[in-house]
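All remarks here apply to the structure that follows.
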Amino acid sequence: MKKVLFIDYDGTLHDSDAKYAAKLNGILGLDGMQIWKAYLHVHRGIVHVRYPEKHDDFFFHQRLLFDYLKKPYDDKIARTLAGRFRQAQQETWKNPAFFPDALPFLNKVKDKPILCLTTGDYAPEKAKALERVGGMSYFSYAFDKDHLGLKSHSSSYYNNAVMSTKSPLGDVLVIGDSLEHDIAAAKSAGLATVWVNRRDITLMENSPRPDFQAKDLWQVLAYIENL
């Protein structure tokens, strides 16, 4: 097995999509999942790419979100959206909805010399949520943008993670569900990758290519045990 595992939280260990979709349902007369997917496109495909300095400016995101959804901007609805997003965000660690394979997987790999949570934000809170539910401490490090910078197509996030753990590149395996922010970013840093494709997305010709594709963490475990 690889000596160092970097594992993502949202979409890999935790079903954050369901949390956000439930809170956003009905706003603007739309299905909650529709709003959440539109927000992810705005956040990852527009803000991260064109306006990285606006990463934490939620009201800037909202202006873009209304435009993307072809809805007129409404300040009252925007405030409602902001409140619902905050509620969903906090629920991802206060009342988490972990995938059924998440804790069994962590229990199998918890004795790795270095096991790291590599997420976009609120890493300490997310690590504590896993520890609370699992009844033990899992991670040597819990990294997010405050420690490493933004997750993006750039290699800097994972380069900084590798330097922080003082690990050789060949010892590291990155596990995540986002082709752009986990797989592409890790590949650009020269790291091995596993894509957790829970939604059965078809790889396009121009998609980043993971070293291994898995439908769940059980398949990930079988893969890394044979490395």
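Restricted to region 197-211, and to residues there that are open to solvent by 60 Å² or more (accessible area, probe 1.4 Å) and modelled with pLDDT of 95 or more, the residue that is farthest from P168 (Cα to Cα) is R198.
The test for being modelled with pLDDT under 95, in contact with a Lys or Arg (Cβ under 8 Å, 6 or more places away or on another chain) and closer than 25 Å to Y20 by Cα does not hold for D146.
Pairing residues of region 152-178 that are over 18 Å from R209 (Cα atoms) and in a loop (DSSP other than H, G, I, E, B) with residues that are open to solvent by less than 10 Å² (accessible area, probe 1.4 Å) and of a type outside the set (S, T, N, Q), at Cβ distances under 9 Å and at least 6 apart in sequence or on separate chains, gives S167/V4; S167/A161; P168/V4.
Among the residues of region 103-122, those that are within 14 Å of the chain's Cα centre (by Cα) and not β-branched (V, I, T) comprise C116, L117, G120, D121, Y122. Evaluate the following for S156: is it among the small types (G, A, S) and either closer than 15 Å to Y9 by Cβ or touching a strand residue (DSSP E or B) at 6+ places or on another chain (Cβ under 8 Å) (or both)? Criteria not met by S156.
Residue check: is V194 assigned to a strand (DSSP E or B), of a type in the set (A, V, I, L, M) and at pLDDT 95 or above? Step through it out loud before you land on a result.
On the way: assigned to a strand (DSSP E or B): yes; of a type in the set (A, V, I, L, M): yes; at pLDDT 95 or above: yes.
For V194, the condition - assigned to a strand (DSSP E or B), of a type in the set (A, V, I, L, M) and at pLDDT 95 or above - is met.
Report the residue count in region 169-188 for those that are open to solvent by less than 10 Å² (accessible area, probe 1.4 Å) and among the small types (G, A, S).
Residues that pass the stated criteria total 4.
Against the criterion of being over 17 Å from the mean Cα position of the chain (by Cα), part of a helix (DSSP H, G or I) and crowded, with 19+ Cβ neighbours inside 10 Å, H61 qualifies.
The values are calculated or read from the model by the stated rules, or taken from the named source; none is laboratory data. It should be emphasised that the depicted structure is a prediction, and the values quoted were computed from it without experimental measurement. For neighbour counting, all protein chains shown are included, and Cβ atoms are generated from backbone atoms with ideal geometry for every residue, glycine included. Heavy atoms of the whole protein, side chains included, go into the accessibility calculation; ligands, DNA and RNA do not. Shrake-Rupley method; radii C 1.70, N 1.55, O 1.52, S 1.80 Å.
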